[in-house]
Amino acid sequence: MLELGRDQMTEAAPDKLWGGRFTGGADPGFARFNQSFSFDRRLFEADVRGSIAHSAALVAAGILTIEDAKQIESALEQILAAGKSNAKYFDELSSEDVHSFVEARLVELIGDVGRKLHTGRSRNDQVATDLRLWLRDEVDRLGGLLRNTQVALLDFAEANLNVPIPGYTHLQRAQPILMSHWCLAYFEMLARDRERLSEVRQRVNILPLGSAALAGTSFSIDREAVARAIGFDSVSRNSVDAVSDRDFVIEFVSAAAMIMMHLSRLAEDIILYCTSEFGFFELSDAVATGSSLMPQKKNPDSMELVRGKAGRVFGHLQSLLATMKGLPLAYNKDMQEDKEALFDTVDTVGACLSVSSTVLRNLRVNEGRARDAATQGYLNATELADYLTRKRMPFRDAHETVGRIVIRAIERGVEINELRLDEMRSFAPLIEEDVFEVLSLEKTLTAKGEIGGTSPARVKEALSAARHGL
């Protein structure tokens, strides 16, 4: 327990929501440590919206008169307008948190009537409501940014529709694919991310207000009417759980971590493909930087930062899980630590989605380099094995036979399709003149014609379906 000197034992500040029990003031260092207004002020609009809905509920419960409610709601609208128009408005009053700030401003404007607003609620259910209101809007905003990134992928795919590149496994050239098919792979990842956000939103959009501190409210507040008034789908079913639940925050940050994982993979591919060793892409000057020493450099800092910031969001997920794992029911002040992690996650993911969209619109493709890479390195070996299989050779035998043909091609320093027919027939007499068409890049691509494949026809269908889906 903190020992307070007589010079520190002053009346509790008037903006405190809990001062009646105390005869002495808080230690200044502890007061600073305890406050959250420096970061939870971004819940300001949500707090006002929730308070207006609570005011209406108090009228319906016979606790506030209509005239009281009109004063309260008018003052809250005035507070909201001032906060939106004047950033310094928040610095004019020293407050513990955003809730005490709004209440202090309310009392400042309308006096004791403002003190009636907190009837039937606690900061515990108030902050949970504010957080859900705020996060619901941010989920919708991030869903829009995800969609924008998907559109950028589709635009890039359509601009480079028939450009081939090597597909890789183990970062080794494997089989040729279309660059547009590569784009659609990331499109699908982001589509799943949007689905996850939509599912998270359903669990965010549950109203805890009316749960009070933990036991529920003793006033006749119509919680379902409050939920309808501010767009919640339903109300929480257990008051203890409602004020101590941060699953919705953790679930959101988990979904955000998945988004960042996907953006980081996209960033890594772009970084690799921009290197001299690959040379498929070049970043425009708008999204690259130079070197302070080496004049020739063009560095992909935009994508490197996206890749780096993924770890930051992963860290927030771990910190939230660690914070919540040992908390007894119900509310504990540890839960104040959820906000900075959540807020930074939202900011980071939003910025990375925006930058990724911008990068995709500032990529130049070196089609010649990409095509050359797609036709070198024995990427058509699987096609030869499939060719032999279609001629009734067991696939395992075909696989082994083609392996020996690849060795011959390596020894001669040529691609498989550059070997003479008689050389290939010495390994497999089933091989005929039509093999050269089968081994061509165009045939290799068009052969992958089943749903989800990289054939030009299938990719066009997939792009059309993706556009329609958006």
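The values are calculated or read from the model by the stated rules, or taken from the named source; none is laboratory data. Please read these numbers as outputs of a predicted model, since none were measured by experiment. Cβ coordinates were reconstructed from backbone atoms using ideal geometry, including for glycine residues, and neighbour counts include every protein chain displayed. Ligands, DNA and RNA are stripped out before the accessible areas are found, and what is left, the full protein with its side chains, is counted by its heavy atoms. Shrake-Rupley method; radii C 1.70, N 1.55, O 1.52, S 1.80 Å.
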Exercise for the section: Would you point out the residue of region 16-37, among those that are loosely packed, with under 15 Cβ neighbours inside 10 Å, closer than 26 Å to Lys88 by Cα and not hydrophobic (A, V, I, L, M, F, W, C), that is modelled with the lowest pLDDT? Expected result: Asn34
Exercise for the section: Scan region 237-246 and give yes if some residue there is open to solvent by 50 Å² or more (accessible area, probe 1.4 Å) and closer than 28 Å to Thr375 by Cα, otherwise no. Expected result: no
Practice task
Determine whether Ser74 is within 20 Å of Trp134 (Cα to Cα), among the polar types (S, T, N, Q), at pLDDT 85 or above and loosely packed, with under 15 Cβ neighbours inside 10 Å.
Solution key: no
Handout entry: Selected residue [closer than 30 Å to Tyr186 by Cβ, open to solvent by less than 30 Å² (accessible area, probe 1.4 Å) and either in contact with an Asp or Glu (Cβ under 9 Å, 6 or more places away or on another chain) or touching a residue at least 60 places away in the same chain (Cβ under 8 Å) (or both)] from Leu360, Leu470, Leu388
Key = Leu360
Exercise for the section: Would you confirm whether any residue within region 206-222 is open to solvent by 40 Å² or more (accessible area, probe 1.4 Å) and assigned to a helix (DSSP H, G or I)? Expected result: no
Fill in the blank from the handout: Checked against (1) open to solvent by less than 30 Å² (accessible area, probe 1.4 Å); (2) in contact with an Asp or Glu (Cβ under 8 Å, 6 or more places away or on another chain), Thr375 satisfies every condition except (1)
Exercise for the section: Report, by residue number, each residue of region 278-294 that is farther than 18 Å from Pro164 by Cβ and in a loop (DSSP other than H, G, I, E, B). Expected result: Ser284, Ala288, Gly290, Ser291, Ser292, Leu293, Met294
Exercise for the section: From Glu158, Glu103, grab the single residue that is in contact (Cβ under 8 Å) with a residue 40 or more places away in the chain, in a helix (DSSP H, G or I) and in contact with a His (Cβ under 9 Å, 6 or more places away or on another chain). Expected result: Glu103
